[in-house]
Amino acid sequence: MTKHEFNPTILREYDIRGIIDETLFEADAEAIGRSLGTLLKRDGHQNAAVGYDGRTTSPKLKAALITGLTSTGIDVFDIGMGPTPMLYYATYALKTGGGIMITGSHNPPSHNGFKMMLGGKSFYGKQIQGLGALSAMGPFAEGSGKVIDKPIMEDYVARLLQDFVPGQELSVVWDCGNGVTGEVLRKIVAKLPGRHMLLYEEIDGSFPNHHPDPTVAENLEDLIRAVKGVNADLGIAFDGDGDRIGVVDGIGRILWGDQLLAILSREVLANHPGAPIIADVKASQILFDEVKNLGGEPIMWRTGHSLIKSKMQEVNAPLAGEMSGHIFYNDHYYGYDDAPYVALRLLNILGASTQKLEQMRDELPEMINTPELRFPCPDDEKFQAVTRIQEALAKAGADYSDIDGVRVNTDDGWWLLRASNTQAVLVARCEAKDETGLSRLKSQLQQALLDAKVDAPTF
């Protein structure tokens, strides 16, 4: 079989992703299938589930991927178009050895990629690099696998609704962002009590209304307007492939990932006293304090959905989340990031409560923080820069964590600097009790960058 070398830029930490016909081609999809199929066979697996999102380029990538998989003797369950968590669900429901989702996630229409599972676990990091090496070198398994059409959306929707508990009726606006959650959400809301309004549920890979990333405030403007316009209890938004969630309360305020996780933690810890709850290193200290106050064990961990999922399995955490809107339920569910499922668990909480979402949000302490600050730094320099800052902090006897980059604690609050695993950027964030403290933290961060000979922007 033909050996194949990928453009190295598409082999990312958590997935394979590139720009169609610039860095990512149909030949890459076939090579991914051939290489992953070989790895599946080596581990004794015989089949894999394949799904795809609503991008115009996804069907041709799917066809090429399946060609590669079946050439190794792997049988393929073609589950059709749907969200990434539907693919994850299929690997459990169909008991497949592997799973591959063709999706560009929250990225622009010109992008596409592959999220993968092997043996019930995320396929990421060194495994992706190993797949690239295998594709370039061989040898490959050979065989003649079958393709089995296995539409699974109805089963997936039924599983989502299985844990929904009807309570008081709510008014909800749902923004699908023209992503692939549209059909799933139509089926879900048809089964829910209350009043529901769908925005941009038509699946359109050009994303004509707004970019499908609910972690960017400007992408939630239409949702906020709709929530206020119909006097809804809340609004819920999804990214392009349905594994990230955004939430807006009844007065139009955004709940960021750490605030949402704090509210979700109340129900989980009431049923699992003392359980670990995981959040990424970018999360507010308020969240970690809230989990502790609720009797849970807060665990700060590295950013990245695959890394979080692996940590959840290690410590058997019932709940985890990231600032990026990935929320993971291992309580009554499978431990992966499924935004429609998270939405239904949130509706359970609100339906059973006398409080509105805005009241729950107001109960959380107020801190002042920056948004996620991202600035360019070459791939061959970004990790070295963080290492130099770590060394300087250690020498100075600073109070810091090096779980993922550096998170420095001071009397004012904390500042974070980490190297992105997916882009040529450094990522920073600061959080303080007041504006004066925030200003001091920004200055400390900027000075640390300058001392490390990094061209620091003005924060």
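Computed from the coordinates by the stated procedures, all read-outs in this text should not be read as laboratory data. Computed from a predicted structure; not experimentally measured. Because the Cβ atoms are built from the backbone with ideal geometry, glycine has one as well, and the counts that use them run over all protein chains shown.
Quick notes on this one:
- The simple spin-label model puts a point 7 Å past each Cα toward its Cβ; for E297 and A63 those points are separated by 5.2 nm.
- Extent of the range 70-183 along its three principal axes (Cα atoms, max minus min coordinate, largest first): 59, 30, 23 Å.
- Ascending count of other beta-carbon atoms within 10 Å, so fewest first, for M367, M323: M367, M323
- Measuring nothing but alpha carbons in the range 264-416 and taking Rh as the Kirkwood radius, the Rg to Rh ratio lands at 1.00.
- Over the C-alpha trace of the range 8-151, radius of gyration and Dmax come out as 13.3, 37 angstrom.
- Considering only the range 1-149, percent of DSSP beta bridges that pair antiparallel, nearest 5: 45
- Between A217 and E5, the distance separating the two model label sites (each 7 Å from Cα on the Cα→Cβ line) works out to 4.6 nm.
- Label positions at A27 and Q127, each projected 7 Å from the Cα along the C-beta direction, are separated by 2.7 nm.
- Beta bridges per DSSP with both ends in the chain, % antiparallel, nearest 5: 55
- Across the range 368-451, the convex hull enclosing all Cα atoms gives 84 Å³ per residue.
- DSSP beta bridge pairing in the range 155-362, given as percent antiparallel to the nearest 5: 40
- Taking every C-alpha pair closer than 8 Å and separated by at least 6 residues, the mean separation divided by the residue count of the chain gives a relative contact order of 12 percent.
- Dividing the Cα radius of gyration of the range 198-281 by 2.2 N^0.38 Å, with N the residue count, gives 1.25.
- Alpha-carbon Rg/Rh ratio, for the range 155-362, with Rh computed the Kirkwood way: 0.94
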